[in-house]
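Below you'll find the structure, written out as structure tokens, and then a few comments.
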Amino acid sequence: MVSRSYSNLLELTSCGSPSFGREKKRLPRVATVAGVLSELDDEASNSAGSDAPSSISQDRMIIVGNQLPLEAHRKDDGTWDFNWDEDSLLLQLKDGLGDDVETIYIGCLKEEIEPSEQDDVAQYLLDTFKCVPTFLPPELFTKFYHGFCKQHLWPLFHYMLPLSPDLGGRFDRSLWQAYVSVNKIFADKVMEVINPDDDFVWVHDYHLMVLPTFLRKRFNRVRLGFFLHSPFPSSEIYRTLPIRDELLKALLNSDLIGFHTFDYARHFLSCCSRMLGLSYQSKRGYIGLEYYGRTVSIKILPVGIHIGQIQSVMNLPETESKVAELRKRFRDQTVMLGVDDMDIFKGISLKLLAMEQLLLLHPEKRGKVVLVQIANPARGRGKDVQGVQSETYATAKRINETFGRPGYTPVVLIDTLKSYERIAYYVIAECCLVTAVRDGMNLIPYEYVICRQGSEKIDEILGISSFTQKKSMLVVSEFIGCSPSLSGAIRVNPWNTDAVAEAMDSALVVPESEKQMRHEKHYRYVSTHDVAYWARSFLQDLERACRDHLRRRCWGIGFGLGFRVIALDPNFRKLSVDHIVSAYKRTKQRAILLDYDGTMIQPGSISNTPNAEAVGILNSLCSDPKNCVFIVSGKERKTLTEWFSSCERLGIAAEHGYFVRNNQNAEWETCFSVPDFEWKQIAEPVMQLYMETTDGSNIEAKESALVWNYEFADRDFGSCQAKELLDHLESVLANEPVSVKSGPHIVEVKPQGVSKGIVAERLLSTMQQKGVVPDFVLCIGDDRSDEDMFEVIASARASLSPVADVFPCTVGQKPSKAKYYLDDTGDIWRMLQGLAHASE
């Protein structure tokens, strides 16, 4: 599908921002006007993107998928005829959005449109169907869809590694560039119709995984949801993808990410943890990932089917005639049904082998049981599809030659069927078999259950009363997305053909009452969790996830696919060096509290010893008689004494404030009187146990505390062990005067009441007792333990001058009780150097 607006492949595949705002002006509600982010933003110059204002307030959903829910046919006179594709999920989900939500579709057409016809077709589809077609050049579409999507993403997401050129092929960067190009073209199409203040955007499936980045780059506050309809592999599989980080970061530019099952969501969260260092939290039933101040919500809900459409096909005269024909054809036989695409993951050949095993082990079933396998055409192409076809036909032929006889064909293999014919097979089948080795969802069992419920006319044809309880049996693979929701199905490992054969036999001999009970359970679930319920639930969660958009200050950082949006509270802003230096110069009594690890030293540094430049800056600050400077650290006092031996006037608070020394000539004091440390004899053996069972962890024994550190352990296992250790220690130390806390890669036990907040209170109190009223307070920290200092300073106005300048500052943009932030330790030292120069 050649696009006239597509001009430069290299430009589109570059890492720069996409080119928005096409010349085409015939589409309504174009919203690409540049503007400031919000009235809240007084630092608009720092923003990399903007949201355009709108006077239209009606909600609208822009649904973006690889294909439009349309069917196109070229008429005899050469013109195009377009109709809705009633089987398309994107069309069916509209039922759940409500009549008050306008819907616009963006995607490709299944047919190729000549360049000379594209403008007229695009306008007709927009006016008639509210569809915006994305026209792609044939060579680009081939690289995008049959190349990157079907050769790389689809096999990998279904757990097939490219171990050889025949298995999916090696990673091809030109295919990746084509994938990025197509996603940018889709972004351009969204730009033509979006109103960012009013519209929701719902992106579907793995074809468009980097689209969220391009939309977020243009509109920082776009209300954006993404749903993955395929499996998401475990981190051990996913991490082999060369562009693994780019895809994860792109998805995290969504507000809501949806998955069919908890397993898929769990794998995604594990990848985010292992590869990006992100952790998730579950609050009131909702799972959220904190990503640069934004909460990316995770949605777990399997999609449903459109029951009304299936029932309408079931009531067609053609369907009723087909049911009568099939009932007569299989009059004395029990039909087991399989409906699958002819691809390598649907397990058709495994199903046939199980049927062969069933007939071998149970001779009495010969002549009585028939497996009807409907094999739909594969969506992809290549040697693997041809191989599956050859194997399937060869296996079916062998079984029929071995067990078949006149009037009896054990395996009936059907290439393609019309929808009403498929429905008829559902109606007459006693059992439905789905043995896919991996499938994102698979709605065949849902369709089967609805068809087995029947209708008055179908019941009449089958010769049963409409009041008779309906029955059905399902044998499903445990590796498909719908399996967890079908609690009455017989779940099998499709690789174990013996077990599948036994499951098939069990499904046939189950008592009628049990078949009825299982059917009732499944019908109740499928009928209440249809596609409308799924879409409505996703929209509700998307609205909830976007609720705080306008309340937060946002701006974009990063280039290419590394782009992300930082969202912060309106009162939380970056500390300006000029501003703090100006306040520093005009004040006379200053209190400065500095955390060490993670604040003055980069996290993960091999050497934590302060260098000569750092010591020089601290000495410059300490030499100013107007300053009272304290290092507040969790380190032992012995270590801090050695590191800062040349800083005579520097105050030190060690072990989170348990030990305090005002300067080098002063004696160490304790903030608390602890009668004994006998609790260590209880806690240390417990920590020792977890250290021995968690490779890479260690115990740090301080004078006042014990710390279990798992920084160098496996991230997931270490985090799991930390939760267990926390519970274990809280249990065994319940009657001891200690607190058990978790922090970044640590679990710590220390005396109750010991915190860095105590150091801040003590410093301000000491200055007040000396008749000194601080008019400048700077407090810098990077983790949870430093939040106590920020809280004390925020509530200490009574101890400060009425005009005091107070600067609680955290390292990095994240939720904090601090009012300011600086990006990293480099910014911290530049700021401290500015203060030192002001003192000099």
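With respect to the stated conditions, residue 629 is aliphatic (A, V, I, L, M), more than 30 Å from residue 243 (Cβ to Cβ) and surrounded by 21 or more Cβ atoms within 10 Å (Cβ to Cβ).
Beta carbons closer than 6 Å, at least 6 apart along the sequence or on distinct chains, pair a first residue in the range 683-709 that is farther than 18 Å from residue 745 by Cβ with a second that is assigned to a loop (DSSP other than H, G, I, E, B) for 704/658. Filter the range 309-360 for residues that are over 22 Å from residue 375 (Cα atoms) and acidic (Asp, Glu) and give the result. Result: 320, 332.
Taking the numbered list (1) modelled with pLDDT of 90 or more; (2) charged (D, E, K, R); (3) surrounded by fewer than 21 Cβ atoms within 10 Å (Cβ to Cβ) in turn, residue 597 passes all entries but (1).
On the phi < 0 side of the Ramachandran plot, aliphatic (A, V, I, L, M), outside any helix (DSSP H, G or I) and touching a Lys or Arg at 6+ places or on another chain (Cβ under 8 Å), is that true of residue 104? Yes, satisfied.
The set of residues from the range 349-378 being over 22 Å from residue 420 (Cα atoms) and of a type in the set (Val, Ile, Thr) comprises just one member, 369.
State whether one or more residues within the range 148-166 are crowded, with 21+ Cβ neighbours inside 10 Å, among the aromatic types (Phe, Trp, Tyr), touching a helix residue (DSSP H, G or I) at 6+ places or on another chain (Cβ under 6 Å) and part of a loop (DSSP other than H, G, I, E, B). No: zero hits.
Suppose the filter is closer than 27 Å to residue 346 by Cβ, among the small types (Gly, Ala, Ser), touching a residue at least 60 places away in the same chain (Cβ under 8 Å) and in a loop (DSSP other than H, G, I, E, B); does residue 230 pass it? Yes, satisfied. Residues that are outside any helix (DSSP H, G or I) and open to solvent by 30 Å² or more (accessible area, probe 1.4 Å) within the range 79-97 comprise 79, 80, 81, 83, 84, 86, 87, listed in sequence order. For residue 401, the conditions (1) farther than 28 Å from residue 155 by Cα; (2) touching a residue at least 40 places away in the same chain (Cβ under 8 Å) are fulfilled apart from (2).
For the range 211-254, residues that are more than 13 Å from the chain's Cα centre (by Cα), more than 18 Å from residue 270 (Cα to Cα) and open to solvent by less than 20 Å² (accessible area, probe 1.4 Å) total 9. Selection of the range 397-455 for residues being over 16 Å from residue 339 (Cβ atoms), part of a helix (DSSP H, G or I) and not aliphatic (A, V, I, L, M) yields 397, 398, 400, 401, 402, 403, 453. Residues in the range 410-453 that are among the hydroxyl-bearing types (Ser, Thr, Tyr), open to solvent by less than 10 Å² (accessible area, probe 1.4 Å) and more than 12 Å from residue 483 (Cα to Cα): 425, 426, 448. Screening the range 784-803 for residues that are surrounded by fewer than 21 Cβ atoms within 10 Å (Cβ to Cβ) and in contact (Cβ under 8 Å) with a residue 40 or more places away in the chain and picking the one that is farthest from residue 567 (Cα to Cα) gives 801. Residues in the range 636-659 that are in a strand (DSSP E or B) and under 45 Å from the mean Cα position of the chain (by Cα): 652, 653, 654, 659. The residue that is farthest from residue 755 (Cα to Cα), counting only those in the range 574-594 that are assigned to a strand (DSSP E or B) and open to solvent by less than 50 Å² (accessible area, probe 1.4 Å), is 590. Taking the numbered list (1) more than 29 Å from residue 555 (Cβ to Cβ); (2) assigned to a loop (DSSP other than H, G, I, E, B) in turn, residue 309 passes all entries but (2). Evaluating residue 814 against the criteria (1) crowded, with 23+ Cβ neighbours inside 10 Å; (2) out of contact with any Leu (no Cβ under 7 Å at 6 or more places or on another chain); (3) farther than 30 Å from residue 682 by Cα; (4) touching a residue at least 60 places away in the same chain (Cβ under 8 Å) leaves one unmet condition, (1). The test for being at pLDDT 90 or above and either aliphatic (A, V, I, L, M) or out of contact with any Leu (no Cβ under 8 Å at 6 or more places or on another chain) (or both) holds for residue 631.
If I filter the range 135-147 for residues that are touching a helix residue (DSSP H, G or I) at 6+ places or on another chain (Cβ under 7 Å), open to solvent by 40 Å² or more (accessible area, probe 1.4 Å) and over 19 Å from residue 90 (Cβ atoms), do I get at least one hit? Checked against the condition, which is being touching a helix residue (DSSP H, G or I) at 6+ places or on another chain (Cβ under 7 Å), open to solvent by 40 Å² or more (accessible area, probe 1.4 Å) and over 19 Å from residue 90 (Cβ atoms), the range 135-147 yields at least one hit. When 390, 321, 297 are checked against the criterion of being among the small types (Gly, Ala, Ser), open to solvent by less than 20 Å² (accessible area, probe 1.4 Å) and outside any loop (DSSP other than H, G, I, E, B), 297 stands alone in meeting it.
Residues are listed down the side, and each one gets a yes or a no for (1) in contact with a strand residue (DSSP E or B) (Cβ under 6 Å, 6 or more places away or on another chain); (2) open to solvent by 20 Å² or more (accessible area, probe 1.4 Å):
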{"residue": "344", "(1), (2)": "no, yes"}
{"residue": "350", "(1), (2)": "no, yes"}
{"residue": "353", "(1), (2)": "no, yes"}
{"residue": "358", "(1), (2)": "no, no"}
{"residue": "362", "(1), (2)": "no, yes"}
{"residue": "367", "(1), (2)": "yes, no"}
{"residue": "378", "(1), (2)": "yes, yes"}
{"residue": "383", "(1), (2)": "no, yes"}
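Anything in the range 807-840 that is assigned to a strand (DSSP E or B), of a type in the set (A, V, I, L, M) and out of contact with any helix residue (DSSP H, G or I) (no Cβ under 6 Å at 6 or more places or on another chain)? List them, or say none. Within the range 807-840, just 811 meets the criteria. Condition check for residue 336 on (1) assigned to a strand (DSSP E or B); (2) open to solvent by 50 Å² or more (accessible area, probe 1.4 Å); (3) more than 19 Å from residue 225 (Cβ to Cβ): one failure, at (2). For the condition among the hydroxyl-bearing types (Ser, Thr, Tyr), open to solvent by 10 Å² or more (accessible area, probe 1.4 Å) and more than 17 Å from residue 207 (Cα to Cα), residue 174 does not qualify.
So that you can scan it fast, the table gives a plain yes or no per residue for (1) farther than 14 Å from residue 590 by Cα; (2) open to solvent by less than 40 Å² (accessible area, probe 1.4 Å); (3) not acidic (Asp, Glu):
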position	(1), (2), (3)
751	yes, yes, yes
754	yes, yes, yes
770	no, no, yes
776	no, yes, yes
782	yes, yes, no
808	no, yes, yes
824	yes, no, no
831	yes, yes, yes
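Scanning the range 737-780 for residues that are out of contact with any Pro (no Cβ under 9 Å at 6 or more places or on another chain) and of a type in the set (S, T, N, Q) yields 742, 755, 765, 766, 769. When 440, 488 are checked against the criterion of being touching a Lys or Arg at 6+ places or on another chain (Cβ under 6 Å) and farther than 20 Å from residue 309 by Cβ, a single residue qualifies: 488.
The values are calculated or read from the model by the stated rules, or taken from the named source; none is laboratory data. Given the structure is predicted, the values throughout are model-derived calculations rather than measurements. Positions of Cβ are backbone-derived with ideal geometry, glycine not excepted, and every protein chain shown enters the neighbour counts. Each accessible area value is taken on the protein alone, full model and side chains, heavy atoms only, with ligands, DNA and RNA left out. Shrake-Rupley method; radii C 1.70, N 1.55, O 1.52, S 1.80 Å.
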